[in-house]
């Protein structure tokens, strides 16, 4: 059972990695959707130069979550995939459409009006997908999924259609949009002062809205999911994690107000990571609240232990590879003379690629 608990936390850390990296990619797509006015094309070009080169690599973390979940906890995976298959399918369709639309707009040979339509698909997929992912998390935490004799008895709309789950979906979207705004403000160089200031202001507003949404979700949990609410406010570990999230959010606001963008990047990521970890702590060992825990998740010790060893060995390759990938492309984006590239001015193309 110790190995199963370790695997659960490994999945949690992979989910943290996906949210703080891939989440910002989704948020950038929302900013692409909201770009208006004469500077819209320039803004989209700068967003693309800031984060587009590595956006697809970030999906490795959600793939890792899925593979480890069905390998280590097959019963829990079957319950989630059955009870929440509608929001899961919507999220998967959104991810696929988003990737395809990005490619067709950035590299396609269609007319400009068709490429604009692909940009529209990309942007809306970036907005809808985080909400659907939040609905899945909310559904797992709702306590409304009923399992009897290993089969889901609560139907296909239980949990994820509740006010609590919808609140989690909105909160998830706001976290990702906030991350994107902070990252973009930090990535833009000194020649983009006007746009950097715009994203600084947007990041501050999003941070405040995220705080309001967090309070709203907590209130909905107290109302609709008392078990989860009790776990959220009970015990030193939970309070420590929540205190860490609040501290990180406060530091992010301070860093943005004082224009310490490099600090804001780290504190914003720490804030969102603490939120995800806090959710894991509040689940109190459950994989589907009130329905599946480690004891009935289908854990096979002879499988979990080798998976952990294999994962540790693979991590020796994956970690450095991801670090090097980001380092190489960040050097290119910053116009490093040794790199093969550098930031393009928006005037160089009438149809710049969309952000990731």
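The values are calculated or read from the model by the stated rules, or taken from the named source; none is laboratory data. Worth saying up front: this structure is predicted, and the values here are computed from it rather than measured. Cβ placement follows ideal geometry from the backbone for every residue including glycine, while neighbour counts extend to all protein chains displayed.
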Exercise for review: Considering every residue within region 82-102, establish whether at least one is under 13 Å from residue 136 (Cα atoms), in contact with a strand residue (DSSP E or B) (Cβ under 7 Å, 6 or more places away or on another chain), buried (at least 19 other Cβ atoms within 10 Å of the Cβ) and in contact (Cβ under 8 Å) with a residue 12 or more places away in the chain.
Suggested key: yes
Exercise for review: Please specify each residue of region 66-76 satisfying the condition of being more than 13 Å from residue 307 (Cα to Cα) and in contact (Cβ under 8 Å) with a residue 12 or more places away in the chain.
Suggested key: 74, 75, 76
**Study point:** Residue list for region 221-230, restricted to those being part of a helix (DSSP H, G or I) and crowded, with 22+ Cβ neighbours inside 10 Å
**Key:** 221, 228
Check your understanding: For region 198-206, does any single residue satisfy the condition of being on the phi < 0 side of the Ramachandran plot, assigned to a helix (DSSP H, G or I) and out of contact with any helix residue (DSSP H, G or I) (no Cβ under 9 Å at 6 or more places or on another chain)?
Key -> no
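Can you go through 280, 295, 290 and tell me which one is under 20 Å from residue 70 (Cβ atoms) and either in contact with a helix residue (DSSP H, G or I) (Cβ under 8 Å, 6 or more places away or on another chain) or at pLDDT 95 or above (or both)? Walk me through how you get there before you give the answer.
Values: 295 fails: either in contact with a helix residue (DSSP H, G or I) (Cβ under 8 Å, 6 or more places away or on another chain) or at pLDDT 95 or above (or both); 290 fails: under 20 Å from residue 70 (Cβ atoms).
Step by step, each of 280, 295, 290 is checked, and only 280 is under 20 Å from residue 70 (Cβ atoms) and either in contact with a helix residue (DSSP H, G or I) (Cβ under 8 Å, 6 or more places away or on another chain) or at pLDDT 95 or above (or both).
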Practice item. Return the only residue of 212, 217 being within 20 Å of the chain's Cα centre (by Cα) and without any contact (Cβ under 8 Å) to a residue 12 or more places away in the chain. Key: 212
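Is there a residue in region 165-177 that is more than 21 Å from the chain's Cα centre (by Cα), crowded, with 24+ Cβ neighbours inside 10 Å, under 20 Å from residue 287 (Cβ atoms) and at pLDDT 90 or above?
If we filter region 165-177 for residues that are more than 21 Å from the chain's Cα centre (by Cα), which is where we start, we get none.
No, region 165-177 has no match at all.
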**Study point:** Unique residue being surrounded by fewer than 19 Cβ atoms within 10 Å (Cβ to Cβ), on the phi < 0 side of the Ramachandran plot and modelled with pLDDT of 95 or more when the list is 339, 250
**Key:** 250
**Study point:** Residue tally, condition within 19 Å of residue 33 (Cα to Cα) and surrounded by fewer than 22 Cβ atoms within 10 Å (Cβ to Cβ), over region 178-196
**Key:** 2
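Going through 263, 233 one at a time, which residue ends up being more than 19 Å from the chain's Cα centre (by Cα) and modelled with pLDDT of 90 or more? Write out each step before concluding.
Working: 233 fails: modelled with pLDDT of 90 or more.
The unique qualifying residue is 263.
Which is within 23 Å of residue 31 (Cβ to Cβ) and assigned to a helix (DSSP H, G or I), of 131, 136?
Working: 136 fails: within 23 Å of residue 31 (Cβ to Cβ).
The match here is 131.
Tell me which residues, restricted to region 129-150, are on the phi < 0 side of the Ramachandran plot, surrounded by fewer than 20 Cβ atoms within 10 Å (Cβ to Cβ) and without any contact (Cβ under 8 Å) to a residue 60 or more places away in the chain. Before you say what the answer is, go through the steps one by one.
Looking only at region 129-150, we keep the residues that are on the phi < 0 side of the Ramachandran plot, and these are 129-142, 144-148.
Those left that are additionally surrounded by fewer than 20 Cβ atoms within 10 Å (Cβ to Cβ): 146, 148.
If the condition is that a residue be on the phi < 0 side of the Ramachandran plot, surrounded by fewer than 20 Cβ atoms within 10 Å (Cβ to Cβ) and without any contact (Cβ under 8 Å) to a residue 60 or more places away in the chain, then 148 is the only one that fits.
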